[in-house]
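The values are calculated or read from the model by the stated rules, or taken from the named source; none is laboratory data. Remember, predicted model here, so these are calculated numbers, not experimental data. Counting neighbours? That spans all protein chains shown, and the Cβs are built from the backbone with ideal geometry, glycine included.
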Amino acid sequence: MHAPHHPTPEWIKKISDMHLFDKGWNELRETIFANQKRLGVVPQDAKMTPWPEDLLKRWDQLTPDEKKMFIRQVDVFAAYWAYNDHEIGRVIQEVENMGKLDNTLIIYIAGDNGNSAEGSLIGTPNEVASIQGIHVPVEDQLKYFYDVWGSDRTYNHMAVPWAWAFDTPFSWTKQIASHVGGTRQGMAISWPKAIKDKGGVRHQFHHMIDIVPTILEATGIKPPDVVDGIPQKPIEGVSMMYTFDAKNANPRRTRRNILK
């Protein structure tokens with residue numbers, strides 16, 4: 001999480017009171033994986049990538065102080081997501097109040113990469129310091145930053161094992177483009193008037209550059225060949241509208257890519 005987006009203390013307390021992460025990152029990974037199978041996001045026979053024992057500590061290897069600080073880090077991360085979802089929900093609710101939700105295409109992409117690893121193995125109250133190789137020991141995080149973690153006094157990042165867990169079932173994190181954990185994002189599309197397969201799951205691989213072609217096809221707009229006398233390069237993306245119909249839930253994706 002990038003700290004300029006600050007969840008309020010109320011949101012942090014709300015998440016902390018739920019004790020979602022008390023069992024640690026290894027247990028969280030198992031819970032996420034089970035939920036992914038239950039929801040059909042991953043196949044029932046999917047295998048989770050192994051925990052990198054040579055890189056990251058297991059939760060049961062940590063001291064009580066480490067566990068306390070790391071739970072604070074992830075509570076703030078989760079509070080930001082909860083706050084973010086709440087605010088997006090307000091926008092969608094307003095569209096519904098206007099009576100326009102049925103014919104509104106909503107494309108929601110959760111982030112711009114896999115979870116971030118800039119926080120180092122122990123997390124950091126300041127990303128810039130961490131990138132420069134300056135690490136704040138856990139005892140100092142507890143003493144000076146615990147109560148203000150996630151406020152405008154920090155530019156915080158959680159410890160890498162949390163990022164790894166949230167990239168379940170894949171391995172690695174943001175900036176590691178060679179692994180799907182570093183690049184794959186969750187996405188939800190809603191358009192009640194056109195998408196009848198409510199709650200349907202799709203597994204085709206698509207890319208950010210496919211968003212514009214999807215919107216163009218949905219609106220029936222042909223992209224211009226020339227703008228202000230300047231010839232336009234062809235759009236390289238492909239539309240995802242073929243996936244909207246339930247009968248097209250499982251065909252092979254329509255784009256070529258290196259992930260075979």
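General observations
- ARG90 being in contact with a helix residue (DSSP H, G or I) (Cβ under 7 Å, 6 or more places away or on another chain) and of a type outside the set (A, V, I, L, M, F, W, C): no
- For the stretch 27-58, the set of residues classified as under 12 Å from ALA165 (Cβ atoms) and among the basic types (Lys, Arg) consists of ARG29, ARG58, listed by residue number.
- Test: residue in the stretch 92-101 that is exposed (fewer than 12 other Cβ atoms within 10 Å of the Cβ) and within 25 Å of MET18 (Cα to Cα): no
- Selected residue [at pLDDT below 90, assigned to a helix (DSSP H, G or I), of a type outside the set (Gly, Ala, Ser) and over 22 Å from the mean Cα position of the chain (by Cα)] from LYS247, LYS260: LYS247
Condition check ((1) at pLDDT below 95; (2) part of a helix (DSSP H, G or I); (3) in contact with a strand residue (DSSP E or B) (Cβ under 7 Å, 6 or more places away or on another chain); (4) not assigned by TED's automatic domain parsing to the domain that holds SER151) across all residues:
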{"residue": "TRP51", "(1), (2), (3), (4)": "no, no, no, no"}
{"residue": "LYS67", "(1), (2), (3), (4)": "no, yes, no, no"}
{"residue": "ALA78", "(1), (2), (3), (4)": "no, yes, no, no"}
{"residue": "ASP85", "(1), (2), (3), (4)": "yes, yes, no, no"}
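- Filter result (among the aliphatic types (A, V, I, L, M) and either without any contact (Cβ under 8 Å) to a residue 12 or more places away in the chain or touching a Phe, Trp or Tyr at 6+ places or on another chain (Cβ under 7 Å) (or both)) within the stretch 72-87: VAL74, VAL76, ALA79, ALA82
- Restricting the stretch 192-208 to residues that are small (Gly, Ala, Ser) and closer than 27 Å to ASN113 by Cα, the residue that is surrounded by the most Cβ atoms within 10 Å (Cβ to Cβ) is GLY200.
- Residues that are more than 20 Å from TYR155 (Cα to Cα) and acidic (Asp, Glu) within the stretch 50-108 comprise GLU53, ASP54, ASP60, ASP65, ASP85, GLU87, GLU94, GLU96, ASP102, listed in sequence order.
- Every residue from the stretch 169-191 that is more than 18 Å from LYS57 (Cβ to Cβ), surrounded by 14 or more Cβ atoms within 10 Å (Cβ to Cβ) and of a type outside the set (Gly, Ala, Ser): PRO169, PHE170, LYS174, ILE176, HIS179, VAL180, THR183, ARG184, MET187, ILE189, TRP191
- No other residue among ALA177, ALA129, ALA165 is of a type outside the set (S, T, N, Q), within 20 Å of the chain's Cα centre (by Cα) and outside any loop (DSSP other than H, G, I, E, B) apart from ALA165.
Yes/no matrix, rows are residues, columns are (1) assigned to a helix (DSSP H, G or I); (2) more than 17 Å from PHE145 (Cβ to Cβ); (3) touching a residue at least 24 places away in the same chain (Cβ under 8 Å):
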site: ILE15; (1), (2), (3): yes, yes, yes
site: MET18; (1), (2), (3): no, yes, no
site: PHE21; (1), (2), (3): no, yes, yes
site: GLU30; (1), (2), (3): yes, yes, no
site: ALA46; (1), (2), (3): no, yes, yes
site: ASP60; (1), (2), (3): yes, yes, yes
site: PHE70; (1), (2), (3): yes, no, yes
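- The set of residues in the stretch 192-214 being under 22 Å from the mean Cα position of the chain (by Cα) and in a helix (DSSP H, G or I) consists of MET208, ILE209, ASP210, ILE211, VAL212, THR214.
- Screening GLY150 on (1) within 19 Å of ILE15 (Cα to Cα); (2) modelled with pLDDT of 95 or more shows it passes everything except condition (2).
- Hey, ILE189 in a helix (DSSP H, G or I) and not assigned by TED's automatic domain parsing to the domain that holds ILE32 or not: no
- Cross-chain or 6+ apart pairs with Cβ under 6 Å, the stretch 156-168 first and buried (at least 24 other Cβ atoms within 10 Å of the Cβ), then assigned to a loop (DSSP other than H, G, I, E, B) and of a type in the set (D, E, K, R): HIS157/GLU118
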